[in-house]
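Below you'll find the structure, written out as C-alpha cells, and then a few comments.
The values are calculated or read from the model by the stated rules, or taken from the named source; none is laboratory data. All figures in this text were calculated on a predicted structure; none of them were measured in a lab. A quick note on method: Cβ atoms are made from the backbone with ideal geometry, for glycine too, and the neighbour counts reach across all protein chains shown. Each accessible area value is taken on the protein alone, full model and side chains, heavy atoms only, with ligands, DNA and RNA left out. Shrake-Rupley method; radii C 1.70, N 1.55, O 1.52, S 1.80 Å.
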Number of protein chains: 2
Amino acid sequence: MSTRSASDRPSMRQVAETAGVSHMTVSRVLNGHPSIKESTRDKVLHAVEQLGYHRNIAARALALQRTLRIGAVVETEAEFGPASALRAIHRAARRRGYSVSSVALDEDETGDPDRAFQQLLALGIDALCLVTPRSASVAAVRAASLDVPVLVVKPEREPELLRVCVDQQLGVTMAVDHLAALGHRDVLYVSGPMDWLDARARERAFRARAQSWGMRERPIVAGDWSADFGYDFAIGLERVPEYTAIVAANDEVALGIVHGLHDRGLRVPDDLSVVGFDDAPFSRHSIPPLTTVRQPFEALGAAVVDVLLAAVEGLEIPQRTKIPPELVVRLSTAKARTAP
Amino acid sequence: MSTRSASDRPSMRQVAETAGVSHMTVSRVLNGHPSIKESTRDKVLHAVEQLGYHRNIAARALALQRTLRIGAVVETEAEFGPASALRAIHRAARRRGYSVSSVALDEDETGDPDRAFQQLLALGIDALCLVTPRSASVAAVRAASLDVPVLVVKPEREPELLRVCVDQQLGVTMAVDHLAALGHRDVLYVSGPMDWLDARARERAFRARAQSWGMRERPIVAGDWSADFGYDFAIGLERVPEYTAIVAANDEVALGIVHGLHDRGLRVPDDLSVVGFDDAPFSRHSIPPLTTVRQPFEALGAAVVDVLLAAVEGLEIPQRTKIPPELVVRLSTAKARTAP
DNA sequence: GATCCTCTTGTTCCCGGTAACATTTCACGT
DNA sequence: ACGTGAAATGTTACCGGGAACAAGAGGATC
C-alpha cells in the first residue's frame, strides 16, 4: 500500500466532491452528526476510504479552538517512576485522540516551572498535568492561574485543581505491615527529597504505620532518588546493628543501599532487610531480588486522562482517583534477626 | 505573573493593532524578514511582549503546510536504550521548535508498523524516524513509501533513507579488547533478538573482533533484551567451565545473567566476567557493578534531529552521523582465571 | 522635475476544517 | 392538493496565520 504525500493529501472538499455532496456533509458524517441519511453516510465513508482521507489536525484545531493536545510537566524523566507515569499518560491520551507534549524540569529548563508552563502554552494545550510534582511546581501552577484544566498527580487533595494519584499511604502501609509480620521493630526509613509531595506522603504514612505497630521511633533520612545516594548512605550509616530493616524511597535507592551494605560486608536480607518502591525492571534480578511496592502506572495514566478530558469536554469528573499499588515480596526481606 | 486563557489569547491582528501596523508586519517581524525598519520591529516586539503573544501553532501549521511535528516509531519504550534515544530526540526537537509524536510498536499497536505510520501520518508529521528498528519495520517503511523524509537509527547505511547511529561496532570492539587485555580467550556472546538491526550489527562486530584476537569460536546465543532471559539463560547454561567471560546484549540481560550465575553458586567476576551494554542507571550499583558500553544518547538525538530537519528544510545533510560510544569499566570484569 | 528602483508596509486570499444559519426535501394531516 | 414541521443538506463566514501581489515612500539618476 502506498501512502500519499503531505502535498497531495486530499481535503475534505475533495472527499465531498468524490461523494457528490458538500464538504459540510462530510464533516457531519465524520463527527457523527445525527441527521445524516444512511445512504449519504455510506457514500461519504466510501469516498473517505477510497481516498485514504484523514482530517487535517491543524485545521481542526484552528476551527475548534482546541488543540487536542495535553501538556505534561514532570520533574524528571530520568527516574523510573515519573517516566513510567508519563508514558502511561501518553498512551492513554493517544487512545482518546489526544497527543501529549511534555517538559521535564530537570533538563534544559533550569528547573523553572513557569518557563515550562509558558513553553507548553505557546504550543497550545487544552489541559495540563503535573506528574508527581514537587511542592514548588504546584505553587507555580497556582500562581500562573492558567485557565485550562490543571491536574496534579499527588497524594493530597488540592483545592481547585484536579487530582489523581497512586495510594502512597496504602503502599507504605503494606510494606511496613510486611516487615512487621516478619518481626521487624527497628526499621529505618530513607525518604525521597522532602519537597516532592509523593515523598512527603510516604514519609507521613510510614511514621503513622510504624507507630501503630509500636516500632521504635527512628529519624527519617531524606535523600534524593538515586542509587548513588543509597550507596553513600549505606556506606556512612552508623550503628547498623540497631536496625533490622530499611525501607527506601524507591528501587534505585534500595539498590544503592544493598550495594553499599554489601561493600561493608553486610548481607541482605541476613543482616538487614531492604524494601524498595516502584518495581523497576531491574528489581526482579538484583542480588538479592528486591521486595518492593509496584505502582500501577497504566491505571494511573488512564485515570489522569479520563479526568482531564472530562474536564476539557465539560463532562462529569470521575471520582475514583486513588489507585492502589501492590506489594511484591522477593528475597531482600526476611525474618528479623533476634534483637541485637 | 498571570497567564491568559486559551480563549483570550491575543491574535496576530491584535498585536498589529496595538503596534499600529498591519498583521503582516507582525508576521514578518516574527519570521525575521529582512526588510523591516528597526523602529517598526521595536514597536512590534514591544506589543508582543506587552500582550504576552505567542503565535498559534495550529494556524501556522495550516498556512505553512507543515506541522512542525516529527513522528518517531520505536519498537518498545520499555527498554532503557530505545527509551533514552527517544527522550533525547524529544529534547533535541524541542530545542529546534519541533514536537515529537511517538508510537511504540509493542503496545496497543499489535506491532504492525504500517498502522503506526498511518497513525502518525494522520496526526500530520513533517518527518519520520525509526529508532533502533527491527528489520521488519525498515521493510515496512520502505513499502509505505511515505514522502516525508525518513530516517533510520541503525548501523548500516540504508539506500534512499537517512541514517544516524551509534557506532555499535566500535562499542563491541572496545568490549572485546577489554576482555582480551584481561586474558580472556573463551568468551560467550549473548545477542539481542537477531531481527533487531542493532543486535545483528553487534553480533557481526563481535565475531570479527573475537576472531582477530584468536578467541575460540563460540556459538552466538540470541535471546531477547530482558533480564528474565538473561537469568534463564544463565541457569540453563552448560559447560560453564569452558568460558571465562560473557558479553551480553544489554545491561538488563547482563544483570539477569549475573543473577542466574549467582543462584548457581558462580561468582562474577571470579568465575566469569560479564560485560553489558548501555550503562543503564542501575548498572553502577548492581552487585558487582557492571562493566558496560555507554551509549551517547544525547548526541544521537541531536544528530537525528539535525539530519531530519536539514532534510525537511532542504538544507545540506550533515554527514557526521556515526557516534562513538564509551567503555565503562567496573567490577564485573577481571583477569581471566587460568585455563580450565 | 520626471523616472526608476529599492525599501517598507499594506491588502487580499488561501490553508482545511467547523459553526451558524439558509434552504431544500419529504412525510403527514386535513 | 397544500400547508407544516422536521430531517437532510448546502452556503457562508470565520479560526489565525503566511504567500503573493500591490502600493506608498524615499533616494539616486539624468
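Apolar share of the accessible surface for the protein assembly as shown: 52 percent from carbon plus sulfur atoms, 1.4 Å probe. The ellipsoid that matches the Cα gyration tensor of chain B has semi-axes, each √(5λ) in whole angstrom, of 50, 20, 18, with the longest given first.
What's the FRET efficiency of B:L331 with A:Q119 using the Cβ-Cβ distance as r and R₀ = 56 Å, to the nearest 0.05? Efficiency computed from Cβ-Cβ geometry: 0.85. Note that the range A:120-129 has calculated 3J(HN,Hα) couplings of 6, 5, 5, 5, x, 10, 8, 6, 9, 10 Hz, one per residue in order, obtained from phi through the Karplus relation 6.51 cos²θ - 1.76 cosθ + 1.60 (θ = phi - 60°); glycine and proline are x. Determine the per residue accessible area of the range B:122-202 with all protein chains present and a 1.4 angstrom probe, expressed in square angstrom. For the range B:122-202, the solvent-accessible area averages 30 Å² per residue.
Distances between every pair of Cα atoms in the range A:21-82, grouped in 10 Å steps from 0 to the bin holding the largest one, split as 17, 35, 21, 12, 12, 2 percent. Within the listed set B:A127, B:A222, B:A303, the residue fluctuating most in the Gaussian network model of chain B (springs between alpha-carbon atoms under 10 angstrom) is B:A222. In units of the rule-of-thumb radius 2.2 N^0.38 Å, the protein assembly as shown shows an alpha carbon radius of gyration of 1.05. Local charge for B:V172 was computed over the other residues whose Cβ lies under 9 Å away, with Lys and Arg +1 and Asp and Glu -1, and equals +2. The A-B contact accounts for roughly 4700 square angstrom of buried accessible surface, both chains included, probe 1.4 angstrom. With a ≥ b ≥ c the root eigenvalues of the C-alpha gyration tensor of the range A:168-295, is it rounded (a/c under 1.5), prolate (a/b larger than b/c) or oblate? Judged from the Cα gyration tensor, the range A:168-295 comes out rounded (a/c under 1.5).
For chain A, modelled as a GNM whose springs connect Cα atoms under 10 angstrom apart, the maximal fluctuation among A:A139, A:A205, A:A88 occurs at A:A139.
Would you mind calculating the relative contact order of chain B from Cα pairs under 8 angstrom and at least 6 residues apart, reporting the percent as a whole number? Across chain B, relative contact order equals 15 percent. How large is the helix-only mean residue ellipticity at 222 nm for the protein assembly as shown, computed as the sum of -39500 (n - 2.57) over DSSP H runs with n ≥ 4, divided by its residue count, in deg cm²/dmol to the nearest 500? My calculation for the protein assembly as shown gives -13000 deg cm²/dmol from helical runs alone.
Between the range A:196-257 and the range B:35-70, the alpha-carbon centres lie 51 Å apart. For the range B:251-311, the per residue solvent-accessible surface stands at 25 Å², with DNA, RNA and ligands left out and a 1.4 Å probe. Summing charges over neighbours of B:T338, with a neighbour being any other residue whose Cβ is under 15 Å away from its Cβ, gives -1 when K and R count +1 and D and E count -1. The charge dipole of chain A, taken about its Cα centre with unit charges on the Cβ of Lys, Arg, Asp and Glu (plus for the first two, minus for the last two), comes to roughly 1200 debye.
Here the range B:248-328 yields Rg over Rh of 1.23, to two decimals, using C-alpha coordinates and the Kirkwood radius. Across peptide A:143-155, the mean count of Cβ atoms from other chains lying within 10 Å of each residue's own Cβ comes to 2.
The calculated FRET efficiency for the pair A:D112 and A:N31, based on their C-beta separation and a Förster distance of 30 Å, comes to about 0.15.
Cross-link reach is defined here as a Cα-Cα straight distance under 19 Å, omitting same-chain residues fewer than 8 places apart; for A:K154 the lysines meeting it are A:K322. Farthest towards the positive end of the charge dipole of chain B, among the residues B:M174, B:V141, B:P10, is the Cα of B:P10, using unit charges on the Cβ of Lys, Arg, Asp and Glu. Taking chain A as a Gaussian network of alpha-carbon nodes connected by springs under 10 Å, the highest mean-square fluctuation of the residues A:T76, A:T132, A:T292 belongs to A:T76. Using equal-weight Cα scatterers in the Debye expression, the normalised intensity of the range A:31-172 in log10 at q = 0.10 Å⁻¹ is -0.45. Kirkwood-type hydrodynamic radius, the range B:12-55: 9.8 Å, calculated from all non-identical alpha-carbon pairs.
Give the shape of the range B:165-208 as rounded, prolate or oblate, defined through the alpha-carbon gyration tensor: a ≥ b ≥ c are the square roots of its eigenvalues, a/c under 1.5 means rounded, and otherwise the shape is prolate if a/b is larger than b/c and oblate if not. Taking the square roots of the gyration eigenvalues as a ≥ b ≥ c, the range B:165-208 is oblate. Taking other residues whose beta carbon is less than 11 angstrom from the beta carbon of A:N31, and scoring Lys, Arg as +1 and Asp, Glu as -1, yields +3. Normalised per residue, the accessible area of the range B:12-55 is 62 Å², obtained with a 1.4 Å probe and no contribution from ligands, DNA or RNA. The mean sequence separation of alpha-carbon pairs under 8 Å and at least six residues apart, normalised by the residue count of the range A:173-327, gives a relative contact order of 19 percent.
Going from the isolated chain to the complete set of protein chains, the range A:236-268 loses at least 10 Å² of heavy-atom accessible area (1.4 Å probe) at A:E252, A:L255, A:H259, A:H262. Using every pair of separate Cα atoms, the Kirkwood estimate puts the hydrodynamic radius of the range B:206-276 at 12.3 angstrom. Find the percent of Cα-Cα distances in the range A:99-201 that exceed 17 Å, and round it to a whole number. Considering the range A:99-201, 59 percent of its Cα-Cα pairs are separated by more than 17 Å.
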